[in-house]
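Here the structure comes first, spelled out in structure tokens, and everything after it is commentary.
What follows is calculated from the coordinates using simple rules that are stated; it is not laboratory data. For clarity, every value in this text was computed on a predicted model and none was experimentally measured. Cβ placement follows ideal geometry from the backbone for every residue including glycine, while neighbour counts extend to all protein chains displayed.
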Amino acid sequence: MGNMRLGTKIGLLAAAVAALTAWYWFHLTGNVALPEDRTAFVVVFLGCVVLGVAAFVKRTSWLGTLPPLFAIAVGLFFPYTMMISEQVVARDAAIEVGDTIPRFASIDDSGVEFDSRSLSGHLVLIKFFRAHW
């Protein structure tokens, strides 16, 4: 690694940061724990774009172009999807704990369609979540 070009090293750093940040994003998404303020994620992802571009400026090896390209792609993808898919809950349309759920049909984990009327009389936790992508 001693004779590796500086651009390649920067590209590897950018790709690692992008991959770890994306993994953490998906981890939080899976736990339905994304923060309200996503500014830190946007800053880190855009920082990966800057590092990716810097890697090309400092020159990479031919194979060393892949990590900065990955970092740039990931670094632009996540902020873009956050920007175009704002999640707003209308306060008058929100369902509160204890409310009667509106009628709907959906697919369960086994791929079988069910109707909300079949849930009547049972304690049920329904989690609706849409992440940014």
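Figures for the structure shown
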| quantity | calculated |
| --- | --- |
| Förster-model FRET efficiency, 30 Å R0, SER120 and ALA33, C-beta, rounded to 0.05 | 0.50 |
| At least 20 Å along the helix axis (C-alpha) and Kyte average at least 1.6, DSSP helices within the chain | 39-57, 66-84 |
| Burial ordering of LEU6, LEU51, fewest other beta-carbon atoms within 10 Å first | LEU6, LEU51 |
| Ratio of Rg to Rh over the chain (Cα coordinates, Kirkwood Rh, two decimals) | 1.19 |
| Computed [θ] at 222 nm, helices only, for the chain once each DSSP H run of length n ≥ 4 contributes -39500 (n - 2.57) | -16500 deg cm²/dmol |
| Inter-site label distance for ALA19 and THR65 at 7 Å from Cα along Cβ, in nm | 2.0 nm |
| Rg/Rg_ref, the stretch 1-57, where Rg_ref = 2.2 N^0.38 Å and atoms are Cα | 1.34 |
